[in-house]
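Peer 1: Below is the structure I would like to discuss, written out as C-alpha cells.
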Amino acid sequence: MRIVGISPSHDSSVCVLNDGKIEGFYKEERFCGIKKESKPYLSILEAHKNLKGPVDFVVISTPDGIENDHSASKLSKRLFDCDILDISDSHHITHAALAFENSQFEESLVIVIDRNGTVIDQKIRESETVILAKKNPYSFVEIYKNYWCSAQGELSSTIVDGITNHLRKENPKTKIVARSCFNTVKVYESATTLIGEHPLENGKTMGLSAYGNPAGYPDLFLRSLDPDVYCVPHDSYFLHEQRGSHVVPVVFRELNHLSSNGVPKKDYEVYADFAKHVQNQTQEEVCRMIQHWVHKTQIKNVVITGGYGLNVVANSYFVEKLPDVNFFFEPMADDTGNSIGAAMLIYKEKSRTLQSHPLTDTFFHGNEYSLDDIEGKDVELDEIVDLILDQKSVAVYQGYAEAGQRALGNRSILFDATNPDARTIVNLIKKREWYRPFAAMILEEDANEYFDMLGLKKSESMTNSFQVRPQHKELLKGICHVDGSCRLQTINKNHSLYDLLVKIKEKNHVGILLNTSFNLAGQPLVETPEQALTTLKNSSLDYLWFPTCQKLISNV
C-alpha cells in the first residue's frame, strides 16, 4: 500500500510511504529556497517524479483544512489519480502518530505543544494536547486539550462557549479548556517578535535566553483553581499586532516600545532578560502539566512533540526535573514531520496492521545525487583530520540530506571544538547573530566524561542540551554557550563520521567537533551538490569535503 502524505502548512513537506516504510521525503524549502515555505508544490512534483509505483491514497494534513489550499489538493488529484483524504481535524494526532511510532513505546502519554493546531469554526485552535497512545489496539485518546482563541475579545463570547460545550459533548473523555487568546508557544513568540524575528524563529530566542536574568517580570500564566488545567497564559500581558502579512503576539506595553530589528551587542540585556523569562515560565508550566498527567494516569512513558518539542533547553529541564519518566523527544517535532505522521496514521488505519516501522535516523531527505562530476583533490581521512586540527572549517556533503531541523553529519560544517574562538569564527562564516550557540558531535562512549548527560546514555538527534562538566569548560569554551550548555549529538560506530572522530581523538585526545548545519543564515540546508558548491563560493568556508567520492575542494 503506497500513501502520499502532504503537509501544506509552514515547513511544508511531502512523504511517500510504501507498506509503512518511507520511500521518499521532500521538504519544500530545500527545493524553492524559501525557509519554512508553506506551499509544497515543488515537493509534490518531486514526489511524483520519483514514484516507484501506483498510489493508493493521498492524505493531506493542514491545521486550516484543505478547503483553504485548493491548489495542493487539485495538483495531487491530477498527478496521483486517487482518493484525497483530509485529516486536517486531527493535526495533533498527526504529530502524535509520527512521534509515538518512533518512540517504540507500547503505551505512552504523547504531549503535543504546538503553535497553531486544528482550527475550529475559525474561532479556536489547538494548543496543548495530552494523548494516551497505545500500540495494541492502535489508538490515540485525547485526555486533555487546551485551545487558544484566534481573536482578541472572543474569549468570553457565547460563540466560543458554544463551541467548547459542543466539543465536550462530542469528546466526553477529554478535558476541554479554552480560556486564553494565547498559548505556550505564542507566549514564547512574544520574546521572538520583540527582537524583530519571524514568529517561527523561536530557536533564536532560546539561544538569547542564556544571556538573561529573569528577575522582575510577573508570572505569564494563570494559576487555575482546576488542578487539571495548565498552560493558560495571562491575556492582560499580551496583545496581537499586525506586522506585514503576519499577526504576531507582542509583550505587554512597557516592553513593546523597545521592539527591535535585532539584538545589539550593547544594551542587549532587556531582550535577553525577557527571553530568559519566557524560557523559564513556559518550560516550568509544561513540566507541571507533564508531571500532573503522569501522576494521574500512572504512565511514565512520555513522548514530546509539536513545535515546542524542538526546544532542547526545555527538554533537558524535563529530564532533570522528572528523572522517573522515560522521555522520547521527536526529532521532527514541528510540522516538517506531519506529512509522515499523516501517512503513517492512514496506513495503520487502512492496513489494520500492528507492525511498526520506526525511523532510526533522519537521513532520508530528497535524493542521493551523483557526484561523478565533482572535480577536486583526492583526499584521505587523515588529511581531513589534519585540516580540522589546523583550524580549518570543513563542510561535509554525503548521501541523503537530514530530513529534520538538525544537521547530523550529512550536511554539516565541522570545526575544532577545542578552539576557544570556535563559536565566533563559525558564526562569521555562517553570517549568524552574535549570541547564537553551536552544537557539537562527540563519541558516544565519551559523552558522559565531558557532559552531564542527566542519566541519558545517548543523544543521537540533538534533542537535548547538556551542561559541560566544570573541569572541561575551559577546554570546550569554543562550543560552550554562555550558560555552560551545549546541544549534543552522540556518535557511535554506525555513524559515517565515527572514524573521523576516532582519528581526531587519537591526535588531540578529544573526540569532539563543533557541528552546525551546512547553510548560511536565512537559507535552508543545502540539498544538491550544486547548492553545496555555491554555498562554499559565497562564504568564507575553507573546504568542502565529499566523503562518498573522497574529493576535497578548497576555498582557501
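Peer 1: Could you say whether any residue in region 335-347 is more than 24 Å from Glu28 (Cα to Cα) and not basic (Lys, Arg)? Before the answer, list the steps.
Peer 2: Residues of region 335-347 that are more than 24 Å from Glu28 (Cα to Cα), as a first pass: none.
The answer is no, given that none of the residues of region 335-347 is more than 24 Å from Glu28 (Cα to Cα) and not basic (Lys, Arg).
Peer 1: With Thr129, Thr184, Thr192 as the choices, which residue is polar (S, T, N, Q) and out of contact with any His (no Cβ under 9 Å at 6 or more places or on another chain)? Give the derivation first.
Peer 2: Values: Thr129 fails: out of contact with any His (no Cβ under 9 Å at 6 or more places or on another chain); Thr192 fails: out of contact with any His (no Cβ under 9 Å at 6 or more places or on another chain).
Selected residue: Thr184, the only one of Thr129, Thr184, Thr192 that is polar (S, T, N, Q) and out of contact with any His (no Cβ under 9 Å at 6 or more places or on another chain).
Peer 1: Would you be able to tell me the number of residues in region 353-376 that are within 20 Å of Ser103 (Cα to Cα), out of contact with any strand residue (DSSP E or B) (no Cβ under 7 Å at 6 or more places or on another chain) and without any contact (Cβ under 8 Å) to a residue 60 or more places away in the chain?
Peer 2: Of the residues in that region, 1 qualify.
Peer 1: Please determine, by comparing only the residues of region 40-67 that are in a loop (DSSP other than H, G, I, E, B) and within 22 Å of the chain's Cα centre (by Cα), which one is surrounded by the fewest Cβ atoms within 10 Å (Cβ to Cβ). Don't jump to the end; show me each part of the working.
Peer 2: Here is the first cut: in region 40-67, the ones in a loop (DSSP other than H, G, I, E, B) are 40, 50-56, 61-65.
Filter once more, so that each one left must be within 22 Å of the chain's Cα centre (by Cα): 40, 61-64.
Values: Pro40: 32, Ser61: 30, Thr62: 29, Pro63: 25, Asp64: 17.
Among those residues, the one meeting the criterion is Asp64.
Peer 1: Next up: Return yes or no: is Val16 crowded, with 24+ Cβ neighbours inside 10 Å and touching a Cys at 6+ places or on another chain (Cβ under 8 Å)?
Peer 2: Numbers: crowded, with 24+ Cβ neighbours inside 10 Å: yes; touching a Cys at 6+ places or on another chain (Cβ under 8 Å): no.
Considered against the rule, which asks whether it is crowded, with 24+ Cβ neighbours inside 10 Å and touching a Cys at 6+ places or on another chain (Cβ under 8 Å), Val16 comes out as no.
Peer 1: Another one. Would region 133-143 turn up any residue that is in the same structural domain as Glu241 (by TED's automatic domain parsing), surrounded by 14 or more Cβ atoms within 10 Å (Cβ to Cβ) and not in a strand (DSSP E or B)? I'd like the intermediate steps shown before the answer.
Peer 2: Step one: list which residues in region 133-143 are in the same structural domain as Glu241 (by TED's automatic domain parsing), which gives 133-143.
Add one more test, that the residue is surrounded by 14 or more Cβ atoms within 10 Å (Cβ to Cβ), and what stays is 133-135, 138, 140, 142-143.
Now narrow it down to the ones that are not in a strand (DSSP E or B): none.
No, that holds for no residue.
Peer 1: Under the condition of being buried (at least 24 other Cβ atoms within 10 Å of the Cβ) and not hydrophobic (A, V, I, L, M, F, W, C), which residue from region 104-117 is modelled with the lowest pLDDT? Break it down stepwise before answering.
Peer 2: Restricting attention to region 104-117, the residues satisfying the condition of being buried (at least 24 other Cβ atoms within 10 Å of the Cβ) are 108-115, 117.
Next cut, not hydrophobic (A, V, I, L, M, F, W, C) only: 108, 114-115, 117.
Numbers: Ser108: 98, Asp114: 94, Arg115: 89, Gly117: 93.
Ranking the candidates gives Arg115 first.
Peer 1: Another question, if that's okay. Out of Lys186, Lys135, Lys169, Lys175, I need the residue that is of a type outside the set (Gly, Ala, Ser) and closer than 27 Å to Arg2 by Cβ. Which one? Steps first, answer last, please.
Peer 2: On the way: Lys186 fails: closer than 27 Å to Arg2 by Cβ; Lys169 fails: closer than 27 Å to Arg2 by Cβ; Lys175 fails: closer than 27 Å to Arg2 by Cβ.
So the residue among Lys186, Lys135, Lys169, Lys175 that is of a type outside the set (Gly, Ala, Ser) and closer than 27 Å to Arg2 by Cβ is Lys135.
Peer 1: Do you know which of the residues in region 373-396 that are out of contact with any helix residue (DSSP H, G or I) (no Cβ under 7 Å at 6 or more places or on another chain) and outside any loop (DSSP other than H, G, I, E, B) is nearest to Gly409 (Cα to Cα)? Break it down into steps so the answer makes sense when it comes.
Peer 2: Step one: list which residues in region 373-396 are out of contact with any helix residue (DSSP H, G or I) (no Cβ under 7 Å at 6 or more places or on another chain), which gives 373, 375-380, 383, 386-387, 390-392, 396.
So of that shortlist, the ones also outside any loop (DSSP other than H, G, I, E, B) come out as 377-378, 383, 386-387, 396.
Values: Lys377: 21, Asp378: 20, Glu383: 18, Asp386: 18, Leu387: 17, Val396: 7 Å.
The qualifying residue nearest to Gly409 (Cα to Cα) is Val396.
Peer 1: In region 370-409, how many are closer than 24 Å to Lys507 by Cβ, surrounded by 23 or more Cβ atoms within 10 Å (Cβ to Cβ) and in contact with an Asp or Glu (Cβ under 7 Å, 6 or more places away or on another chain)?
Peer 2: Number satisfying all stated conditions: 3.
Peer 1: Looking only at region 235-261, count how many residues are in contact with a helix residue (DSSP H, G or I) (Cβ under 9 Å, 6 or more places away or on another chain) and in a loop (DSSP other than H, G, I, E, B).
Peer 2: So the answer is 4.
Peer 1: While we're here: So for region 20-39 (the condition being out of contact with any strand residue (DSSP E or B) (no Cβ under 9 Å at 6 or more places or on another chain), outside the structural domain of Thr129 (by TED's automatic domain parsing) and part of a strand (DSSP E or B)), does at least one residue qualify?
Peer 2: yes
Peer 1: Looking at the structure I just gave you, is Leu414 crowded, with 24+ Cβ neighbours inside 10 Å, touching a residue at least 24 places away in the same chain (Cβ under 8 Å) and among the aliphatic types (A, V, I, L, M)? Break it down stepwise before answering.
Peer 2: Details: crowded, with 24+ Cβ neighbours inside 10 Å: yes; touching a residue at least 24 places away in the same chain (Cβ under 8 Å): yes; among the aliphatic types (A, V, I, L, M): yes.
Yes.
Peer 1: Within region 147-230, which helices (runs of 4 or more DSSP H) (wholly inside it) include 3 or more residues that are under 14 Å from Ile124 (Cβ atoms) and in the same structural domain as Ala133 (by TED's automatic domain parsing)? Full working, then the answer.
Peer 2: Values: elements: 158-170, 184-194, 202-209.
Passing ranges, in order: 158-170.
Peer 1: While we're here: Taking region 253-295 as the search range and keeping residues that are more than 25 Å from Ile195 (Cβ to Cβ) and touching a residue at least 60 places away in the same chain (Cβ under 8 Å), which one is surrounded by the fewest Cβ atoms within 10 Å (Cβ to Cβ)?
Peer 2: Step by step, filter region 253-295, then rank; the result is His292.
Peer 1: Would you confirm whether or not region 141-153 contains a residue that is more than 30 Å from Glu254 (Cα to Cα) and in contact with an Asp or Glu (Cβ under 8 Å, 6 or more places away or on another chain)?
Peer 2: yes
Peer 1: Do any strands (runs of 3 or more DSSP E) lying entirely in region 435-530 carry at least 1 residues that are more than 18 Å from the chain's Cα centre (by Cα) and touching a residue at least 24 places away in the same chain (Cβ under 8 Å), and which ones are they? Outline the logic, then answer.
Peer 2: Details: elements: 439-443, 465-468, 485-491, 512-517.
Answer list for region 435-530: 439-443, 485-491, 512-517.
Peer 1: Under the condition of being in contact with a strand residue (DSSP E or B) (Cβ under 6 Å, 6 or more places away or on another chain) and under 12 Å from Ala440 (Cβ atoms), which residue from region 469-489 is surrounded by the most Cβ atoms within 10 Å (Cβ to Cβ)?
Peer 2: Per the criteria, the residue is Ile479.
The values are calculated or read from the model by the stated rules, or taken from the named source; none is laboratory data. If you're wondering where the values come from, they're calculated on a predicted model, not measured in any experiment. Backbone-built Cβ (ideal geometry, glycine too); neighbour counts: all protein chains shown.
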